[in-house]
Amino acid sequence: MAMEATETRPLGKSIKRKEDPRLVRGQGRYLDDIMLPGMLYMALARSPYAHARIKGIRLDQAYQVLGVKAILTGADLEKMNLSWMPTLAGDRQMVLATGKVLFQYQEVAAVVAETRAAAEDAVQLIEVDYEPLTPVVDPFVALKAGAPLLREDRAQKDNHIFHWEVGDRKATDDALASSPVVVKEFIRMPRVHPAPVEPCGCIADYQKSTGKLTWYVTSQAPHAHRTVLALVSGLPEHMIHVISPDIGGGFGNKVPVYPGYVCSVVMSLQLGRPVKWVETRTENIATTNFARDYHMTAEIGATPDGVVMALKVATIADHGAFDAAADPSKFPAGLFSIVTGSYDFPVAFAEVDGVYTNKAPGGVAYRCSFRVTEASYLIERVINTLALRLNLDPAEIRRRNFIRPEQFPYQSPLGWTYDSGNYRATLNEALNLLDYEQMRKQQAERRAHGELVGIGLSTFTEIVGAGPSNTFDILGIKMFDSCEIRIHPTGKAIARLGTRHQGQGHETTFAQVIADELGLTTADVLIEEGDTDTAPYGLGTYASRSTPTAGGAAALAARRIRQKATQIAAHLLEVAPEDVEWNGEKFAAKGLQSRAVGMSEVALAAYTNLPEGMEPGLEATYYYDPPNLTFPNGAYVAMVSIDRGTGEVKVERFIAVDDCGTVINPMVVDGQVHGGLTEGFGIAFMQEIAYDEDGNNLAPNFMEYLVPTAVEAPHWETGRTVTPSPHHPIGAKGVGESPNVGSPAAFVNAVVDALSPYGVTNVEIPLFPWKVWNVLKEHGLTE
Amino acid sequence: MESRKDDTHRMVTVTINGEMRQGLAEPRKLLAYFIRETLGLTGTHVGCDTTSCGACTVLLDNEPVKSCTVLAVQADHHQIDTVEGLETDNVLHPLQQAFWDNHGLQCGFCTPGMLMTSVALLQKNPHPSESEIRHAISGNLCRCTGYVNIVKAITDASHKMQQEPAEV
């Protein structure tokens, strides 16, 4: 049962969330809840074509709509040198189209009006004369010689964006050539969208009298967004106040800067009034960044006993019309180089080629630390293929190849230093909780009765917490994070961090970290994030980075406070500072535990009764540059059955054993795992943004883009092993994304296991019933 | 302002959370926006505009409806209940308390709609099974929790409301 926030020593306890009393009352303050005096509404006109030349735009009808204040087109923005904006990936993206449109629903014009309805009405009356061009939707076609050129603005006259590679190509080729066993698999991770229930939006509120722009925005990275806005708009950074209010889920969707944001800022600057833009669900799914669209080929070389010798991966990455990936700048393919996973490959090589197509731009890391989901899915699928080839149990092939506990810190062949892990223990925990052997027996019995039953494993390793400043930056800004703590005279604290939660529970968990360091309770510590005027600079919340980065900053800022507090305590206890010891809750005189003072007495003294010459006050700020990333891992097991008549897959059991190092709040960690597993389930079985050959988005709303409801979502079981990170101040690693990264392969491996007696080794996600039924049909398993 | 000419607007009168309120609405104005923008009750959220996500669920004459698919004028002279009306005398409704106790919410955006659907469920079926709960809330999308703790919370509330019938 969850505990109250007044609990002492709260670290590791399931403390009830401090954010909930306002949220269950409907008193959250989300972007669209903010209504300012004189506020105008903006709506965007969008292209119906995936690829077309704009011959002309007529606005006269639209201007006739009562209440319309202004209409902005690409030509207007061109005059301000704002028709293009930089993407986080170092490419550029059209704000409003000029010349031609490159994807369906691309932004073409922005209307600002007195009401939402008037803006929408006017959008309908904007007349655009398009000359349709041949669309390219398949990234492999886009790369062919003679394919239509999509990005005429670039010096490079083809559709290839970048080539990135890592590892030793020659050594890998040699090792594969000499491997007794080689398996090769083509694995596609289709295009999906994070689709948080709250869409993206902003209000730009420029006050001409003060020159200050207040920008309310659904932002996972408010400080970075302020800097980008300052660079793009030319406004002085200190005159931009970014407020990221309560956020209704992000999952990576709210990391980039979008054309609608830029247009609303331009309109507010011009009109001197607040301008609100909130996207519709269709705009959300069809335009603000998608994820995945990775087309991967992997080869594993191994001994006849299944000991891996080499891994080689080649990937085509479809980025759509603009490379709007939200990756650290030196990593065009994100952290895909985690693709060797939990296994001790002596040698490996991976390459990724980015490609333009006439599809929406992206992609973001959807509940994922930058392409880690793609990498984990790939390796966990292909290791399964190897097990099938060698007729080995999927648990056994993993045991034979796991990085062993004594190998940590482990140097991976693709350049990472894994911090810690005990992969065999994590797997054993999952297998024991399920009684794996009994489960296999049941499977054999049911198979004998003609049932299609499968068990799938995934034993993934993630890489999170970007990241150390020598490697990680976004447009040059180092990816540290920060925390500032102020202790007030009565011993109550306000702490502000550079991150911005979207449901992860920071108001509780970071309060637990700080309270535990300072002998306070969670209730004593108020956490504030998302306001750039008050919070210290940080890079935001995504990629499971908050706990590894800002969580470290919180602990270390608290320890700075404790250093000064020790001096004050010595003064109060009338002993020398070296004779004061922290007993976990109070400062005590050494050898005399009954003589002790707590943080509230010390705090009061910091303002009323200081040692001679000491600076008053009790506060500290810490900018934490993590020395390494953290490497959470997990062992997931799925048991499924397949309906022969319909092809429907039922997840009968699923257990997720995660090792995210030190656990701050078990209840919150389990909640994160449940949510991530459900998204992983959606990715495996339901979610896909497909396009037809003309570039029409076939799933631009929740009726066609299917996310799991309570009926489809399985019941989840969780477990844990704890292998602390040796370098993180409290040993925590981050967990939000593990379940989404690790689970898709477990589902798919289970489906393959059910069908492998009939020769199936690979199936393509999402596993819609009709797709599975086709596989059954092909193998004579259904009528 | 000009766009609010009398011939394009209708006066809509509703009893919302027990209080009679009036406001002008264009005939095409959706109830969700009437509640949020005209009456200023922003606990009812809009997540899709297409009746899919359920974040805008309110009770209309005690029936759960998705207020993005009801016109404000259709609610004229009807009773509406929203999340803001659940708390009584500074005491949370057992469902609000159970969502808090069981970690039944994360970002909180779907929560008001989820609560209103749950209120309607427990009024009709005070002791629902897990399967009945899952079917009842299947029109309310949650992207954060995976529903496990929402189901737990509703079950918990149903037990507590049984113990304290006065709270229903």
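The values are calculated or read from the model by the stated rules, or taken from the named source; none is laboratory data. Predicted model only: the values in this text are computed from it and were never measured. Note: ideal-geometry Cβ built from the backbone for every residue, glycine included; neighbour counts use all protein chains shown. The accessibility values were calculated without ligands, DNA or RNA, using every heavy atom of the protein model including side chains. Shrake-Rupley method; radii C 1.70, N 1.55, O 1.52, S 1.80 Å.
For the reader, a short list of remarks on this structure follows.
- Summing Cβ point charges (Lys, Arg +1; Asp, Glu -1) relative to the Cα centre of the protein assembly as shown gives a dipole of roughly 720 debye.
- Amide H contacts under 5 Å for A:Y130: A:K55, restricted to partners 5 or more places along the chain or on a different chain, H placed in the peptide plane at 1.01 Å from N.
- Placing unit charges on the Cβ atoms of the charged side chains and taking the dipole of the protein assembly as shown about its Cα centre, the candidate lying farthest along the positive direction among A:G301, A:Q504, A:N696 is A:G301.
- Taking the chain by itself as reference, the range A:65-86 contains these residues with an accessible-area loss of 10 Å² or more in the full protein complex (1.4 Å probe, heavy atoms): A:L66.
- Burial here means at least 30 square angstrom less accessible surface with every protein chain in place than with the chain by itself, probed at 1.4 Å; in the range A:651-698 the buried residues are A:M667, A:G671, A:H674.
- Between B:D61 and B:T13, the C-beta separation translates, for a Förster distance of 25 Å, into a calculated FRET efficiency of about 0.95.
- Taking every protein chain into account, the accessible area of the protein assembly as shown amounts to 34 square angstrom per residue (probe 1.4 Å).
- Value at 222 nm in deg cm²/dmol, rounded to 500, when DSSP H runs of n ≥ 4 in chain A each add -39,500 (n - 2.57): -8000 deg cm²/dmol
- Membrane-span-like helices in chain A, defined here as complete DSSP H runs extending at least 24 Å along the helix axis by their C-alpha atoms with mean Kyte-Doolittle hydropathy no lower than 0.5, are A:372-390, A:666-685, A:738-755; this is a sequence and geometry rule, not a statement about a membrane.
- Neighbouring partner chain Cβ atoms per residue of A:45-51, average, 10 Å criterion: 0
- 5 angstrom amide H check on B:V70, placed H, neighbours 5+ away: B:L31, B:A32
- Remark: the A:K478-A:F140 segment gains 118.2 nm on full extension, using 0.36 nm per residue and subtracting the alpha carbon distance.
- Part-to-part distance (alpha-carbon centres) for the range A:127-181 and the range A:536-603, which is given in Å: 54
- Protein accessible area in the range A:481-624, 1.4 Å probe - carbon and sulfur %: 47
- For chain B, the ratio of Cα radius of gyration to the globular rule of thumb 2.2 N^0.38 Å stands at 1.06.
- Vicinal HN-Hα couplings computed from phi for the range B:117-129 (Karplus, 6.51 cos²θ - 1.76 cosθ + 1.60; Hz; Gly/Pro x): 4, 5, 4, 5, 4, 6, 5, 7, 9, x, 10, x, 7
- Shape category assigned to the range A:225-305 from the gyration tensor of Cα positions, a/c cut at 1.5: prolate
- Cα point-scatterer Debye curve for chain A, base-10 log of I(q)/I(0) at q = 0.04, 0.06, 0.08, 0.11 Å⁻¹: -0.17, -0.39, -0.69, -1.22
- Fraction of beta bridges assigned by DSSP in the range A:481-624 that are antiparallel (%, nearest 5): 75
- Per-peptide average of other Cβ atoms within 10 Å, ordering A:99-109, A:165-175 highest first: A:99-109, A:165-175
- Relative contact order of chain A, pairs being alpha-carbon contacts under 8 Å that are 6 or more residues apart, as %: 16
- Distance between the pseudo-spin-label points of A:D694 and A:E764 (7 Å out from Cα toward the beta carbon): 2.2 nm.
- Heavy-atom accessible surface that B and A bury in contact, both chains counted, 1.4 Å, Å² to 100: 4500
- Under a model in which nothing but the beta-carbon of Lys, Arg (+1) and Asp, Glu (-1) is charged, the range B:2-85 shows a dipole of about 160 debye around its Cα centre.
- Options B:M11, A:N428, A:Y216, ranked by Cα towards positive dipole end of the protein assembly as shown, top entry (Cβ charges): A:Y216
- Neighbour cut-off at most 14 other Cβ (10 Å), DSSP loop, trypsin sites (Lys or Arg not before Pro), the range A:1-58: A:R29
- Straight-distance candidates among the lysines for linking to A:K771, with alpha-carbon spacing under 23 Å and chain neighbours fewer than 8 residues away dropped: A:K184, A:K650.
- Minimum 10 Å² accessible area buried by the other protein chains, the range A:103-135 residues, probe 1.4 Å, relative to alone: A:E114, A:T115, A:R116, A:A117, A:D121
- Shielding value for B:35-47 is 4, the average number of Cβ atoms from other chains within 10 Å of each residue's Cβ.
- Cα gyration tensor, the range B:1-66 - rounded (a/c under 1.5), prolate or oblate: oblate
- Taking the 1.4 Å solvent-accessible surface of the range B:2-85 as the whole, the part contributed by carbon and sulfur is 47%.
- Where both bridge residues fall in the range B:2-85, DSSP classifies roughly 80% of the beta bridges as antiparallel.
- Long pairs among A:K13/A:K492; A:K170/A:K330; A:K157/A:K359; A:K55/A:K144, criterion Cα-Cα beyond 22 Å: A:K170/A:K330; A:K55/A:K144
- The range A:70-86 - phi-based ³J(HN,Hα) in whole Hz, Karplus 6.51/-1.76/1.60, Gly and Pro as x: 6, 10, 10, 10, x, 5, 4, 5, 4, 5, 9, 6, 10, 6, 10, 10, x
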